[in-house]
Amino acid sequence: MSPLPTQPLSPLDGRYQAAVSGLGEFLSEAGLNRARVQVEVEWLIYLTDHSMFGSAPLTAEQQASLRALVTDFGQAEIDELAELEAVTRHDVKAVEYLVRRRLASLGLDSIAELTHFACTSEDINNLSYALTVQSAVTTVWLPKLRGVIAKLAELAEQHRDAAMLCHTHGQPATPSTMGKELAVFVYRLGRIVGQLEGTEYLGKFSGATGTFAAHVVADPDAAWPTISQEFVEGLGLSWNPLTTQIESHDWQAELYNRVSHANRVLHNLATDIWTYISMGYFRQIPQAGATGSSTMPHKINPIRFENAEANLELSCAILDSLAATLVTSRLQRDLTDSSAQRNIGVGFGHSMLALDNIQRGLGEIDLAREVLLADLDANWEILGEAIQTVIRAEVAAGRSNIEDPYAMLKELTRGKRIGQAELVAFVSGLDIGDAAKERLLALTPSGYIGLANELVDRLPRA
Ligand SMILES: O=C(O)C[C@H](Nc1ncnc2c1ncn2[C@@H]1O[C@H](COP(=O)(O)O)[C@@H](O)[C@H]1O)C(=O)O
């Protein structure tokens, strides 16, 4: 057997590449290296703009040519960095050397020694991770989540009035509408999106042990904490003033916990829709050319929701691990965070893939209203709650003397299948006020939905 050509080991880089490719723009190694170049370049521009260490501000053209190193970052830079790193055995040093090489070719040798000035690698790395994770979350993952929420909100609105038998403990229970049940997920996910929108992306820029030691020795008079704050905030990040060598990663733990929380709510959605499909409440729309089972030709399987379930679990496993481990680093630093952070994209990738499958799955189901109605009609005993509650209200209001209405209805309905006729006969014989009796006689399982449909209208408008 001849060996295969090099293969991607992760399915995210193989069969699912198209669904997650937007994340690779930021959370891949190349995305990280491009951000590292950006931070190095911006620090050079900051130092020269402030004429530090005898430098003079670069011309607008020179600044643009430096920034073009970021915007034009491509395969040539990726290959060159790999070559440089093979020698340096240090990924950030390789980026510094790449920038220095470009300075030479741009005729900016005079500022070469300001490259990576007073920086420890983490000064570059933490800002690069904050920038790339921020971009991935705000421009790729959150929009995908918002797309799923919008689709769910559309379905909630569409099925606002579709009465449905509920199941608590898997047993028939007081009905709702399918719209309201979907709206619950819209509301839950919307809250988490709100929290995610408030994420603080923190950055530190204070040298080898977070003390500005090299900075102060190089220029005792400069206001280094202010410079650090200005620089970090200038990149669109929040400044972390007090750290060891590494940014403490608390913002990352907070973010990944929230993303995991969103994943878990989506998992609940996926398993609920799967269950509704298996109950016949949702019908799967056949896709032209698709096969359900390789042997049972009749089948359409709910594979979109099953794929989502598995990938949400994988995403949580990775993001939970990151959230749990990134917040500790021995003394002033160990390198475990660096190794772990290389998997941020994998954590988001599995979630992104799940979102893609949920989005597709939601577009391939139809509500089977007749099944919903038939199920409601087969379970008149669920009106036991309505009847006992109305009797109690009548007793409280002095219009009835019935003793222990709950026990009475329990006797009639518990563990039994009661039809419309038995319930009508039972209600007709009740000694309660006329208006209440009329209300009960008019009640059907599909009409016993409370305010379920109106509750859908309480969803915040997008
Ligand atoms: O500014 C510094 O570099 C300070 C230095 N701490 C480090 N900070 C950040 N990166 C470092 C550090 N040390 C190593 N490396 C480089 O990390 C890379 C680890 O590679 P891999 O195991 O593939 O994740 C790999 O490229 C390593 O070379 C310290 O001594 O405190």
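Readers should treat all values here as calculations from the given coordinates under stated rules, not as data from a laboratory. Worth saying up front: this structure is predicted, and the values here are computed from it rather than measured. Glycine also receives a Cβ, built like all others from the backbone with ideal geometry; neighbour counts cover every protein chain displayed.
Charge dipole of the chain (Cα centre as origin; +1 on each Lys and Arg Cβ, -1 on each Asp and Glu Cβ, all else neutral): 1080 debye, rounded to the nearest 20. Debye-formula intensities of the range 412-462, expressed as log10 I(q)/I(0) at q = 0.13, 0.16, 0.28, 0.32 Å⁻¹, are -0.47, -0.62, -1.12, -1.21 (one equal scatterer per alpha-carbon, no solvent). Distance from a point 7 Å along Cα→Cβ of T209 to each backbone N in the range 105-134: keep the residues under 18 Å and list them by number. The answer is 118-123. The alpha-carbon of K180 sits under 14 angstrom from the alpha-carbons of these aspartates and glutamates, leaving out residues fewer than 8 places away in its chain: E154, E157, D161, D272, E454, D457. What FRET efficiency comes out for the pair L335/E454, r = Cβ-Cβ distance, R0 = 51 Å, nearest 0.05? Efficiency computed from Cβ-Cβ geometry: 0.35.
Once the Cα atoms of helix 224-234 and of the chain are each reduced to a long axis, what angle between those two axes, in degrees from 0 to 90 to the nearest 10, is obtained? Value to nearest ten degrees: 50.
Convert 25 °C to kelvin, take the viscosity as 0.890 mPa s, use the Kirkwood radius over C-alpha pairs of the range 331-388 as Rh, and evaluate the Stokes-Einstein diffusion coefficient in µm²/s, rounded to a whole number. So the translational diffusion coefficient is about 147 µm²/s.
Sequence-ordered 3J(HN,Hα) estimates for the range 19-26 from the Karplus curve with 6.51, -1.76 and 1.60 and θ = phi - 60° stand at 6, 10, 4, x, 6, x, 4, 10 Hz, glycine and proline given as x. Karplus-derived 3J(HN,Hα) values for the range 81-96, using 6.51 cos²θ - 1.76 cosθ + 1.60 with θ = phi - 60°, are 5, 4, 4, 4, 5, 4, 8, 6, 6, 9, 5, 6, 4, 4, 5, 4 Hz; glycine and proline are entered as x.
Taking the square root of 5 times each eigenvalue of the Cα gyration tensor, what semi-axes in Å does the equivalent ellipsoid of the range 110-177 have, largest first?
Working: eigenvalues 581, 44, 5 Å².
Gyration-tensor ellipsoid for the range 110-177: 54, 15, 5 Å.
In a DSSP loop and with at most 11 other Cβ atoms within 10 Å, the trypsin sites (Lys or Arg not before Pro) in the range 64-131 are R89. Of the residues A86, A442, A368, the one whose Cα sits farthest towards the positive end of the charge dipole of the chain is A442 (charges of +1 on Lys and Arg Cβ, -1 on Asp and Glu Cβ, taken about the Cα centre). The calculated FRET efficiency for E80 paired with H169, based on their beta-carbon distance and R0 = 51 Å, is about 0.25. When a/c reaches 1.5 or more, the comparison of a/b and b/c decides; with that in mind, is the range 62-136 rounded, prolate or oblate per its Cα gyration tensor? Judged from the Cα gyration tensor, the range 62-136 comes out rounded (a/c under 1.5). If you take all C-alpha pairs in the range 379-457, what percent of them are over 22 Å apart? Result: 23 percent of Cα pairs exceed 22 Å.
Test of understanding: extend the Cα→C-beta vector of A68 to 7 Å, then name every residue of the range 90-117 with backbone N under 20 Å from that spot. Backbone N within reach: 98-112. On the principal axes of its alpha carbon atoms, the range 12-119 extends 54, 30, 23 Å, with the longest extent given first.
Between A393 and S238, what length comes free when the chain is fully extended (0.36 nm per residue of separation minus the Cα-Cα distance, one decimal in nm)?
Numbers: separation 155, 0.36 × 155 = 55.80 nm, distance 5.74 nm.
So the chain would gain 50.1 nm between A393 and S238.
The Rg/Rh ratio for the range 220-348 is 1.23, where Rg is the radius of gyration of the alpha carbons and Rh is the Kirkwood radius.
Of the GluC sites (Glu not before Pro) found in the range 385-462, the ones in coil according to DSSP and having at most 16 other Cβ atoms within 10 Å of their Cβ are E403. Need one number for the chain: average projected area of the convex hull over its C-alpha atoms, nm². Computed as one quarter of the Cα hull surface, the answer is 32.7 nm². When each of S55, S400 is scored by the number of other beta-carbon atoms lying within 10 Å, the sequence from fewest to most is S55, S400.
To the nearest 20 debye, what charge dipole does the range 12-119 have about its Cα centre, counting +1 at the Cβ of each Lys and Arg and -1 at the Cβ of each Asp and Glu? Please list the in-between numbers first.
Details: 9 positive and 17 negative charges, 19 e Å.
The calculation lands at about 100 debye.
Restriction of the GluC sites (Glu not before Pro) in the range 221-288 to DSSP coil positions whose beta-carbon has at most 13 other beta-carbons within 10 angstrom yields no sites. Can you give the local net charge around Y201? Use residues other than it whose beta-carbon is closer than 15 angstrom to its beta-carbon, Lys and Arg +1, Asp and Glu -1. Around Y201, the charge tally is -4. Distances between placed amide hydrogens fall under 5 Å for I365 paired with I285, all partners being 5 or more residues away or on another chain. Mean residue ellipticity, 222 nm, helices only, the chain: the sum of -39500 (n - 2.57) across DSSP H runs of n ≥ 4, divided by residue count and rounded to 500, is -19000 deg cm²/dmol. Here's how it looks for T177: its modeled amide H is under 5 Å from those of M164, which are all 5 or more places away or on a different chain.
Is there a pair in K151/K299; K410/K437; K93/K144; K93/K204; K144/K204 whose C-alpha atoms are over 28 Å apart, and which pairs would that be?
Numbers: K151/K299 26 Å; K410/K437 19 Å; K93/K144 35 Å; K93/K204 19 Å; K144/K204 30 Å.
Table pairs above 28 Å Cα-Cα are K93/K144; K144/K204.
Close amide H contacts of W239 (hydrogens built in the peptide plane, cut-off under 5 Å, sequence separation of 5 or more or a different chain): G203.
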